[in-house]
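**Student:** Here it is, the structure, as structure tokens.
The values are calculated or read from the model by the stated rules, or taken from the named source; none is laboratory data. Because the structure is a prediction, the values reported are computed rather than measured. We place every Cβ from the backbone using ideal geometry, glycine too, and count neighbours over all the protein chains shown. Remember, those area values only see protein heavy atoms, side chains included, never the ligands or the DNA or RNA. Shrake-Rupley method; radii C 1.70, N 1.55, O 1.52, S 1.80 Å.
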Amino acid sequence: MSREVLLATAKAVILEGLVVSPWGNLSMRISKDSFLITPSGVDYNTMQPEDLVEISLAGEIRAGKLKPSSEYHLHLEIYRARDDIKAIVHTHSPYASAFAVTRKPLPALVEDLAQIVGGDVEVSRYAPPGSEILAKNAVLALGKKFAVLLANHGVVGVGRDMEEALRAVRVVEKGAKIALFAKILGGAVLLEPEEIQTMHDFYLNKYGQR
Ligand SMILES: [Zn+2]
């Protein structure tokens with residue numbers, strides 16, 4: 001089941017223009033000490049459930065015939081740092097990437113972004129794609145939030161399930177679009193940090209059917 005959910009989410013990020021296939025990568029924790037990740041360079045439209053690669057939290061390939069995504073360190077370090085996280089979606093969506101290339105944090109200007117991410121989406125320090133440094137920088141900038149921008153690169157959304165990780169990259173892209181248009185209109189009015197925290201707490205603990 002988890003493999004199908006992962007594949008369906010990969011197709012969704014392509015369809016929604018959040019990344020150009022086969023860039024980006026997705027993963028899902030499947031046990032206490034391992035996760036499944038998309039393989040390197042395989043088109044999301046032709047990817048098969050058995051193409052996913054299982055990696056242990058020790059960083060070893062546990063199962064799978066293909067090479068894992070070159071960005072697997074990023075996923076590994078986030079799962080190591082965050083017990084609460086069960087899924088990760090990494091995209092290169094254009095509006096959010098505008099913030100990533102200017103290395104400016106995306107402010108939590110709207111309710112959904114504030115609720116899910118839990119504050120401004122920070123930009124991690126630049127490091128080459130696929131590197132362990134990129135992974136460590138991303139974990140630092142992510143903190144306890146649910147999304148982070150990678151300098152001159154893209155977006156990472158994390159979640160307690162795959163749906164939530166996908167939702168995170170979606171609201172970041174939508175929030176980036178709003179922030180950019182708001183600039184044209186003379187600039188957005190910022191929310192108070194306490195207001196953002198209240199919304200995030202509500203989302204984490206009381207929202208929906210949880
Ligand atoms: Zn990337």
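**Student:** Using alpha carbons only, how many degrees (0 to 90, rounded to 10) separate the axis of helix 72-81 from the longest principal axis of the chain?
**Tutor:** Around 70 degrees separate the two axes.
**Student:** Could you sort V156, V20, V5 by their accessible area in this structure, using a 1.4 Å probe and putting the largest first?
**Tutor:** I get V20, V5, V156, largest accessible area first.
**Student:** A further question follows. Of the peptides 56-64, 128-136, 157-165, how do they stack up when ordered by the mean number of other Cβ atoms within 10 Å, highest first?
**Tutor:** 157-165, 128-136, 56-64
**Student:** Hey, another quick one. Using alpha carbons only, how many degrees (0 to 90, rounded to 10) separate the axis of helix 132-142 from the longest principal axis of the chain?
**Tutor:** Taking the Cα atoms of the chain, the angle to 132-142 is about 40 degrees.
**Student:** Run a plain Debye calculation on region 72-210 (Cα atoms as equal point scatterers, no solvent) and give log10 I(q)/I(0) at q = 0.14 Å⁻¹, rounded to two decimals, same order as the q list.
**Tutor:** Computed log10 I(q)/I(0) values: -0.58.
**Student:** Mind checking the angle between helix 2-15 and the chain's longest principal axis? C-alpha axes, 0 to 90 degrees, to the nearest 10.
**Tutor:** 50 degrees
**Student:** What dipole magnitude, in Debye to the nearest 20, does region 131-210 give about its Cα centre under +1 on Lys/Arg Cβ and -1 on Asp/Glu Cβ?
**Tutor:** It comes to approximately 160 debye.
**Student:** Identify which of T91, T38, T198 has the largest mean-square fluctuation in a Gaussian network model of the chain, with springs joining Cα atoms closer than 10 Å.
**Tutor:** Top of the fluctuation ranking is T198.
**Student:** Rounded to the nearest 5, what % of DSSP beta bridges with both residues in region 2-205 are antiparallel?
**Tutor:** On the way: 25 of 27 bridges.
That works out to approximately 95 percent antiparallel.
**Student:** With charges only on Cβ, +1 for K and R and -1 for D and E, what is the dipole size of the chain about its Cα centre, in debye, rounded to 20?
**Tutor:** Numbers: 24 positive and 25 negative charges, 44 e Å.
The dipole of the chain has a size of about 220 debye.
**Student:** Can you compute the modelled spin-label distance between T46 and R125, with each label point 7 Å from Cα toward Cβ, in nm?
**Tutor:** Result for the modelled spin labels: 4.1 nm.
**Student:** So what is the accessible area of the chain per residue, in Å², with the probe set to 1.4 Å?
**Tutor:** That works out to 48 Å² per residue.
**Student:** Of the listed pairs K86/K177; K11/K145; K11/K65; K145/K206; K144/K174, which have alpha-carbon separations greater than 19 Å here? Don't skip to the answer; put the middle values down first.
**Tutor:** Values: K86/K177 27 Å; K11/K145 25 Å; K11/K65 21 Å; K145/K206 17 Å; K144/K174 21 Å.
The pairs that break the limit, which is 19 Å between Cα atoms, are K86/K177; K11/K145; K11/K65; K144/K174.
**Student:** Enter the accessible area of I184 (Å², nearest 10), with the probe set to 1.4 Å and all protein chains included.
**Tutor:** Counting only protein heavy atoms, the figure is 130 Å².
**Student:** Leaving out ligands, DNA and RNA, and with a 1.4 Å probe, what % of the accessible surface on region 2-205 is carbon or sulfur? Display every interim value, and only then the final one.
**Tutor:** Numbers: 5350 of 9380 Å².
It is 57 percent, rounded to a whole number.
**Student:** GNM on the chain, C-alpha springs below 10 Å: top fluctuator among P68, P39, P193?
**Tutor:** Maximum fluctuation in the GNM of the chain, among the listed residues, is at P193.
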